[in-house]
Amino acid sequence: MLATLIPLFDENMVVKAYSLFTQKKNMYLDPSILGSGQYDGAASVEGLEIIRNMGVDTISEDKAIFVPVGNISVFSDIDSQCDAPHDRLVLLLDNSILPEETYIKRLEELKQSGYRLAMRKLEVAKFEEYREVLRLVDYIFLNHKKIDITKARVYFQKIYPNIQLCAGNIEDMESFQKLKSEGGYQFYEGPFFRMPINKGEHEVAPLKVNYIQLLNMVNSPEFELTEAADVIGRDTALVISLLKMVNRVTVNSQITSIRHAAAMLGEKELRKWLNTAVAGQLYTDKPNEITRLSLLRAKFAENLAPAFSLAAQASELFLMGLFSVLDVILEVPMAEALELVQVSGPIREALLERKGNFAKVLDFVTEYESAEWKEVSRQMIVEDISMRYVYDAYMNSLRWYRDMISEG
């Protein structure tokens, strides 16, 4: 099984919820998934299984999770599949749920149990036909590419004023700004936002636990440079600051790992930098979405290294994933951003030109984030990577991130 989180954000581009999309089989190895085979195992909700196994706070610390539910799984015993609080879940329906008495009765039962409902993939021509379903729905996703979303917004505001609207499949910032100016949407979603840009939050927020640990470590008589480097590697803000420092004191440095950067700075200068950089940041708020994404990308890329025959370069892949959002963090073009943190040639080549072996991993990670399952399936075949390996690599990344947050 494959699984990924798609962010839903508000008009200020702050993430407020996630959609959890899954793919049970490789559609190229099992073409039946595109036909009748898509219903294999459909009597259970795959997303709920993942939430149960991982824990709701691992998937999303404090935000709602939209979980797709099909026309068969909607009749399953949903309560027994996941013990997450009902108010943390939104059951995401699609047009396979028909406006028939059997479905309507089931949706009413779910509503009475405290679940919220959302609808997607509903054609404009079906709006009237789905009146009895829509009266039970809390959210509706309006596809910006396939319908006149402005007319649809007016329709829902008039007929179903209690339904919250999500403008989906937004491809560029211009479209987002236009929809935002019209108002009336609770959430937005689209390919252009696979890279979150939180207004007023371009400074990457540090993780408190790392700062506390580093302060204790750096002032200990048994200070170990490599251990400090490993803790620094958990925090995007600290890594950027460290590499800027290294860039100032060395010439033409080609950093291949965080340990390498720490070693180049040396123990004395590392102690000095850590004491000044860490103390002033100890009480910073929890990490924002940019930090979350950069760390998940870094760990996912590192975990995938052996599958791409790059096990020896795992630490470099970690840096590549971490800095794949560097242009967003610093609000400058990637070429300019990389001048501030002298990274190795393969990292630079992947981030700037999408070339080289590292680029294969970066492309895979970004396609996976967007739930582009066809492309992900194709790449798994090309690289001979099992679905289970990829799933474990991603889930391990989520656990790793959760553990850091929970420690704080």
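Let me check against my output: what whole-number percent is the relative contact order of segment 2-194, with C-alpha pairs under 8 Å and at least 6 apart?
Working: 301 pairs, mean separation 33.6, N = 193.
Worked out over segment 2-194, it gives 17 percent.
With contacts defined as alpha carbon pairs under 8 Å and 6 or more residues apart, what's the relative contact order of the chain in percent?
Details: 620 pairs, mean separation 66.4, N = 408.
For the chain, the relative contact order is 16 percent.
Long-range amide H contacts for Leu2: which residues qualify at under 5 Å (H placed 1.01 Å from N, peptide plane, sequence gap of 5 or more or a different chain)?
Gln23, Lys24
Taking the chain as a Gaussian network, Cα atoms linked when under 10 Å apart, which of Asp363, Asp77, Asp138 shows the biggest mean-square fluctuation?
Asp77
For segment 59-64, in order, what is each residue's ³J(HN,Hα) by Karplus, 6.51 cos²θ - 1.76 cosθ + 1.60 with θ = phi - 60°, in whole Hz (x at glycine and Pro)?
For segment 59-64, the Karplus-derived couplings read 5, 8, 4, 8, 10, 5 Hz, x marking Gly and Pro.
Tell me which residues come under 5 Å, amide H to amide H, from Ser19 once H is placed; ignore anything under 5 positions away on its chain.
For Ser19, the qualifying residues are Ile6, Leu8, Phe66.
Which residue fluctuates most in the GNM of the chain (Cα springs below 10 Å): Val382, Val137, Val74?
So, out of Val382, Val137, Val74, the one fluctuating most is Val382.
With a sphere of radius 9 Å drawn around the Cβ of Val15, what net charge do the other residues whose Cβ falls strictly inside it have (Lys, Arg +1; Asp, Glu -1)? Walk me through the numbers before you get to the answer.
Details: positive: Lys16, Lys63, Arg292; negative: Asp10, Glu289.
Local charge sum for Val15: +1.
State to the nearest 20 debye the size of the charge dipole of the chain about its Cα centre, where the only charges are +1 on K and R beta carbons and -1 on D and E beta carbons. Mind showing how you got there, number by number?
Working: 45 positive and 58 negative charges, 81 e Å.
It works out to roughly 380 debye.
Among bridges DSSP assigns within the chain, what percent are antiparallel (round to 5)? The partial results should precede the final answer.
Details: 9 of 30 bridges.
Around 30 percent antiparallel, to the nearest 5.
Nearest 10 degrees, 0 to 90: what angle lies between the long axis of helix 101-112 and the longest principal axis of the chain (Cα atoms)?
50 degrees
Around Asp384, with a cut-off of 15 angstrom between Cβ atoms, what is the net charge of the other residues, counting Lys and Arg +1 and Asp and Glu -1? Don't skip to the answer; put the middle values down first.
Values: positive: Lys360, Arg378, Arg388; negative: Glu383.
Overall, the nearby charge balance is +2.
Relative to the longest principal Cα axis of the chain, at what angle does helix 208-218 sit, 0 to 90 degrees, rounded to 10?
Result, in degrees: 20.
Given H placed 1.01 Å from N in the peptide plane, which residues other than close sequence neighbours of Leu93 have an amide H under 5 Å from its amide H?
Val69, Ala118, Met119, Arg120
Taking θ = phi - 60°, what integer Hz values does the Karplus form 6.51 cos²θ - 1.76 cosθ + 1.60 yield along segment 344-361, in sequence order, with x for Gly and Pro?
6, x, x, 5, 4, 4, 5, 6, 8, 10, 6, 10, x, 5, 5, 5, 4, 5
Starting from the Cα gyration tensor of segment 2-194, take the square roots of the eigenvalues, sort them a ≥ b ≥ c, and report rounded, prolate or oblate (rounded when a/c is under 1.5, otherwise prolate if a/b is larger than b/c, else oblate). Let's see the in-between values first.
On the way: a/c = 1.42, a/b = 1.25, b/c = 1.13.
It comes out rounded by the Cα gyration axes.
Taking the chain as the reference, fit the longest principal axis to its C-alpha atoms, fit the long axis of helix 149-159 to the helix C-alpha atoms, and give the angle between the two in degrees, 0 to 90, nearest 10.
Helix 149-159 and the main axis of the chain meet at about 50 degrees.
Please list, or write none, the lysines whose alpha carbon is within less than 21 Å of the alpha carbon of Lys151, excluding same-chain residues fewer than 8 places away.
Once the sequence-local lysines are set aside, what remains near Lys151 is Lys121, Lys126, Lys178, Lys180.
If you build a Gaussian network model of the chain, linking Cα atoms that sit under 10 Å apart, which residue out of Lys244, Lys151, Lys63 swings the most?
Ranking Lys244, Lys151, Lys63 by mean-square fluctuation puts Lys151 first.
Under 18 Å Cα to Cα from Lys25, which aspartates and glutamates show up? Leave out anything in the same chain fewer than 8 places away.
Correct list for Lys25: Asp40, Glu46, Glu49, Glu367, Glu369, Glu372, Glu375, Glu383, Asp384, Asp392.
No lab work stands behind these numbers, since they all come straight from the coordinates. Everything numeric here is computed off the predicted structure, so don't read it as measured data. Don't worry about glycine lacking a Cβ; one is built from the backbone with ideal geometry, like all the others, and counts go over all protein chains shown.
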